[in-house]
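Input: a single structure, listed below in structure tokens.
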Amino acid sequence: MKNNDWKKFFALFCLISLSLVMIQCAWLPLPPAEKDLPLPQNVREELRIRIPIGSPTIYINGEETTLTFPPAYINEKGGAMIPLRFISEVIIAEVDWLPETKEIKIERNEKEILMQVNRPYATVNGMIVELSHPVEIREERSFVSLRFIAQQFDFLTDWIPESKTIELIKPY
């Protein structure tokens, strides 16, 4: 065979092989629609946190947890305040104390928040954001505005006046 004949033979061989593969694939069953697939057990559709004001009992996705301290209170200006360490652990955010600037740093995904006790603003990814309720210290814990945390981490909030309960909802 001449060099040119080998090229034609190889091209024909590749074309036939590709055609056979395509024919075989056409007979394979299609995977089920995405909505028909069950969610793995470790994947949540949403995160729900129910926080009764002044009570040490909270509910995370319906599961009751009792803390050694009340996790939320209403401050003098009417803002709901929550312990930073507690809410950070629930929403899986990192919290660090920066002693040189006396700032609290919160990091989750691509967001970095810097706050100081009694400072009326925070910095969010370098941008200044006014706080309606600055960080407060109570019982040696840093408390942050529940509304601010909810807004920054895309939680929906609901107030249940009958039970004085705040509900945070994070759809996934």
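The values are calculated or read from the model by the stated rules, or taken from the named source; none is laboratory data. As the structure is a computational prediction, the values presented were derived from the model and not from experiment. Cβ atoms come from the backbone with ideal geometry, glycine included; neighbour counts cover every protein chain shown.
Scanning segment 67-84 for residues that are at pLDDT below 90 and loosely packed, with under 15 Cβ neighbours inside 10 Å returns Leu67, Thr68, Phe69.
When segment 76-93 is filtered for residues that are touching a residue at least 24 places away in the same chain (Cβ under 8 Å) and touching a strand residue (DSSP E or B) at 6+ places or on another chain (Cβ under 9 Å), the ones remaining, listed by number, are Gly79, Ala80, Met81, Ile82, Pro83, Leu84, Arg85, Ile87, Val90, Ile91, Ala93. Residues that are in contact with an Asp or Glu (Cβ under 9 Å, 6 or more places away or on another chain) number at least 3 in the following strands (runs of 3 or more DSSP E) confined to segment 76-172: 94-98, 103-108, 111-115, 121-124, 141-145, 156-160, 165-171. Of all the listed residues (Leu47, Leu30), the sole one being modelled with pLDDT under 90 and farther than 25 Å from Tyr121 by Cα is Leu30.
Put simply, of Glu167, Glu139 the only residue that is at pLDDT below 90 and within 20 Å of Pro52 (Cα to Cα) is Glu139. Which one is farthest from Ile58 (Cα to Cα) among residues in segment 116-172 that are of a type in the set (Gly, Ala, Ser) and surrounded by 14 or more Cβ atoms within 10 Å (Cβ to Cβ)? Among those that are of a type in the set (Gly, Ala, Ser) and surrounded by 14 or more Cβ atoms within 10 Å (Cβ to Cβ), it is Ala122.
Residues in segment 44-75 that are in a loop (DSSP other than H, G, I, E, B), over 15 Å from the mean Cα position of the chain (by Cα) and without any contact (Cβ under 8 Å) to a residue 24 or more places away in the chain: Ser55, Pro56, Gly62, Leu67, Thr68, Pro70, Pro71.
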